[in-house]
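The values are calculated or read from the model by the stated rules, or taken from the named source; none is laboratory data. Predicted, not measured: the structure shown is a model, and the values here were computed from it. When we count neighbours, we look across all protein chains shown, and the Cβ atoms used for this are built from the backbone with ideal geometry, even at glycine.
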Amino acid sequence: MKKPNMMKKLSVLVGMLWAIFPFALMAKDGITLTLIPPTTITNKVDLDIRAGLKNEDAQLKQIELSVYLHAEHADNLLHYSKKLVAPGQAYEIKHVLPTHNLIGKNKIILLVKEGGKTHREIKEIEVIESDIRSTRLIDGAWAGIYHWSETEGKHWNTDIKKMTDEQWKEMVRGMHKLKMDIVVIQEVFRNEEYVGKHQTTVENYQGKAFYPSELYKERVPIVAHDPVEAILSEADELNMHVFVGVGMFAWFDFTSESLEWHKKVAKELWDKYGHHPSFYGFYVSEESGGNLDNWEKTDAMRMQRKKEIVDFFREFKAYCNDIAPAKPVMLATNSMQVPLGVDTYPALLQNLDILCPFGFARMPEGDLTGKESADLLQSLCDAQGAHLWFDLETFLFNEDQSLYPRPMDEIIRDLNLFENFEKILCYQFPGVFNDPKMSIRVGEKRTLDLFRDYQRYLKKVTHMQKRQ
């Protein structure tokens with residue numbers, strides 16, 4: 001007599017969990033809703049809505065996909081499509097939503113119908129009124145698990161090596177306190193090689209992993225067992241967004257061998273961590289010069305490097321769309337010698353969702369100013385429908401080239417100088433910012449001061465925005 005009642009209670013519980021945690025079933029069904037950018041934006045920035053799914057079954061499926069603003073009503077419909085999706089096939093849609101009249105909190109609803117089943121995913125985003133594109137706030141930060149350079153990371157590598165998985169979760173909580181809710185994991189493998197100066201292949205790769213990899217078993221000697229899992233799991237709890245760094249194969253290396261390595265690693269990362277709601281996208285760790293030719297000495301080699309980076313992202317983006325539809329791909333370049341790359345940016349940006357350049361505050365003599373470089377990159381991204389974010393350097397170099405926290409007044413200057421970026425991330429959080437509440441201090445004492453200084457700035461700007 002008690003079994004039917006128990007089943008009824010279980011059914012009610014499942015229904016409640018579905019209402020509260022729809023993402024738990026989304027991952028299983030291969031359905032994704034992604035907003036670019038994912039956190040608060042101004043009403044001068046259009047919202048890029050991506051929805052994707054993959055048919056993991058053995059039979060053909062007819063899919064009806066609808067996207068709504070605020071409510072599931074015909075008047076609120078932003079997108080509708082119906083498509084036959086073959087077994088193993090991925091399907092992705094994109095809808096760009098102007099936000100000038102959407103000030104306040106907005107709800108984006110994805111509804112997918114298939115074979116009598118209905119799948120639903122909801123995301124919220126706040127739009128604030130502004131006279132510029134930027135929020136003048138740091139929206140996220142890089143989180144290097146161990147700095148690639150012992151010289152640059154001199155003041156924190158010894159500390160960061162000791163961090164436990166739980167302390168990585170603490171660091172994510174510290175980022176969240178500063179509303180740095182976009183986390184970029186710098187890399188998941190360490191391999192200090194450079195393009196054109198190594199003989200590395202997929203088979204003989206000697207890099208060491210920061211996570212328990214089945215592809216390459218050697219591990220970087222750190223205390224944490226799986227800092228990638230720790231970062232993602234804590235980000236899940238705080239509704240944060242994580243770019244997982246697919247690298248390092250070799251610095252600036254976009255050759256065909258590097259491409260095949262990146263595909264294998266991206267697949268393992270998605271299979272291992274793709275169930276996390278916070279897994280926002282893929283970050284390609286290799287970086288590039290703003291000229292896109294990586295400072296080669298001859299015209300022939302410069303052309304080859306430019307062709308390689310275009311081919312790489314065309315193939316890698318298509319591959320990511322296939323395994324994880326609607327998940328964006330991001331690359332960080334420096335901001336220097338951009339005019340030398342204008343012949344290549346259009347083709348590159350067709351297959352790169354987010355370009356996030358750095359170095360605007362240290363432009364070399366004879367180059368564009370930082371502002372001129374930012375404006376040129378913005379025009380190139382706009383022409384291809386790509387997103388331009390800002391990798392703000394929150395560090396300075398000591399005479400021995402070690403890094404130390406940048407003074408807050410200089411950071412504020414950059415936040416107010418560069419008005420066009422829709423999102424501002426910083427390099428980096430570990431070793432530059434430290435939450436005083438953490439059980440370990442990573443780096444020198446000035447990291448605590450910068451955390452508190454930025455916390456005060458954040459409070460002031462947020463208060464001003466609320467009054468508008």
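Okay, here's what the table says:
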quantity: Residue among F358, F451 that is buried (at least 17 other Cβ atoms within 10 Å of the Cβ) and closer than 26 Å to M330 by Cα; calculated: F358
quantity: Some residue of the stretch 135-142 being in contact (Cβ under 8 Å) with a residue 24 or more places away in the chain, among the polar types (S, T, N, Q) and outside the structural domain of W389 (by TED's automatic domain parsing); calculated: yes
quantity: Total residues in the stretch 113-148, condition in a strand (DSSP E or B) and not hydrophobic (A, V, I, L, M, F, W, C); calculated: 11
quantity: Residues that are surrounded by fewer than 22 Cβ atoms within 10 Å (Cβ to Cβ) and under 20 Å from D181 (Cβ atoms), drawn from the stretch 437-448; calculated: K437, M438
quantity: Residue, farthest from E257 (Cα to Cα), within the stretch 310-331, restricted to residues that are out of contact with any Phe, Trp or Tyr (no Cβ under 6 Å at 6 or more places or on another chain) and either part of a strand (DSSP E or B) or touching a residue at least 60 places away in the same chain (Cβ under 8 Å) (or both); calculated: A326
quantity: Which listed residue is surrounded by fewer than 19 Cβ atoms within 10 Å (Cβ to Cβ), within 17 Å of W156 (Cα to Cα) and at pLDDT 95 or above, from D400, D367, D375; calculated: D400
quantity: Residue within the stretch 451-467 that is in contact with a Ser or Thr (Cβ under 8 Å, 6 or more places away or on another chain) and either closer than 28 Å to K327 by Cα or hydroxyl-bearing (S, T, Y) (or both) present; calculated: no
quantity: Tally of residues being outside any loop (DSSP other than H, G, I, E, B) and either closer than 19 Å to V45 by Cα or in the same structural domain as D322 (by TED's automatic domain parsing) (or both) across the stretch 69-112; calculated: 11
quantity: Sole exception among (1) part of a helix (DSSP H, G or I); (2) more than 15 Å from P328 (Cα to Cα) for F254, by number; calculated: (1)
quantity: Residue that is surrounded by the fewest Cβ atoms within 10 Å (Cβ to Cβ) [pool: residues in the stretch 170-214 that are among the basic types (K, R) and under 26 Å from E150 (Cβ atoms)]; calculated: K197
quantity: Residue in the stretch 215-223 that is crowded, with 17+ Cβ neighbours inside 10 Å, in contact with a helix residue (DSSP H, G or I) (Cβ under 7 Å, 6 or more places away or on another chain) and not small (G, A, S) present; calculated: no
quantity: Yes/no for R173 being within 25 Å of the chain's Cα centre (by Cα) and at positive phi; calculated: no
quantity: Residues being within 14 Å of L348 (Cβ to Cβ), surrounded by 17 or more Cβ atoms within 10 Å (Cβ to Cβ) and of a type outside the set (A, V, I, L, M, F, W, C) - total across the stretch 288-310; calculated: 9
quantity: Selection count where residues are hydroxyl-bearing (S, T, Y) and in contact with a Gly (Cβ under 6 Å, 6 or more places away or on another chain), scope the stretch 426-468; calculated: 0
quantity: Hits in the stretch 224-242 - residues which are surrounded by 15 or more Cβ atoms within 10 Å (Cβ to Cβ) and charged (D, E, K, R); calculated: D226, E229, E234, D236
quantity: Of the criteria (1) at pLDDT 95 or above; (2) surrounded by fewer than 24 Cβ atoms within 10 Å (Cβ to Cβ); (3) out of contact with any Cys (no Cβ under 7 Å at 6 or more places or on another chain), which one G245 fails; calculated: (2)
quantity: Single residue of T394, T369 found to be touching a helix residue (DSSP H, G or I) at 6+ places or on another chain (Cβ under 8 Å) and more than 30 Å from G30 (Cβ to Cβ); calculated: T394
quantity: Flag if P221 is at pLDDT 95 or above, assigned to a loop (DSSP other than H, G, I, E, B), over 20 Å from the mean Cα position of the chain (by Cα) and within 29 Å of P38 (Cβ to Cβ); calculated: no
quantity: Residue match in the stretch 257-274 (condition: assigned to a loop (DSSP other than H, G, I, E, B) and either outside the structural domain of V202 (by TED's automatic domain parsing) or buried (at least 21 other Cβ atoms within 10 Å of the Cβ) (or both)); calculated: no
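Matching residues to (1) farther than 16 Å from G174 by Cα; (2) under 20 Å from the mean Cα position of the chain (by Cα); (3) not aromatic (F, W, Y):
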site: P407; (1), (2), (3): yes, no, yes
site: I411; (1), (2), (3): yes, no, yes
site: I424; (1), (2), (3): yes, yes, yes
site: S439; (1), (2), (3): no, no, yes
site: F451; (1), (2), (3): no, no, no
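Here is a yes/no grid of residues against (1) in contact with a helix residue (DSSP H, G or I) (Cβ under 6 Å, 6 or more places away or on another chain); (2) surrounded by 12 or more Cβ atoms within 10 Å (Cβ to Cβ); (3) modelled with pLDDT under 95; (4) polar (S, T, N, Q):
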residue: L35; (1), (2), (3), (4): no, yes, no, no
residue: A51; (1), (2), (3), (4): no, yes, no, no
residue: S66; (1), (2), (3), (4): no, yes, no, yes
residue: H70; (1), (2), (3), (4): yes, yes, no, no
residue: I132; (1), (2), (3), (4): no, yes, no, no
residue: D139; (1), (2), (3), (4): no, yes, no, no
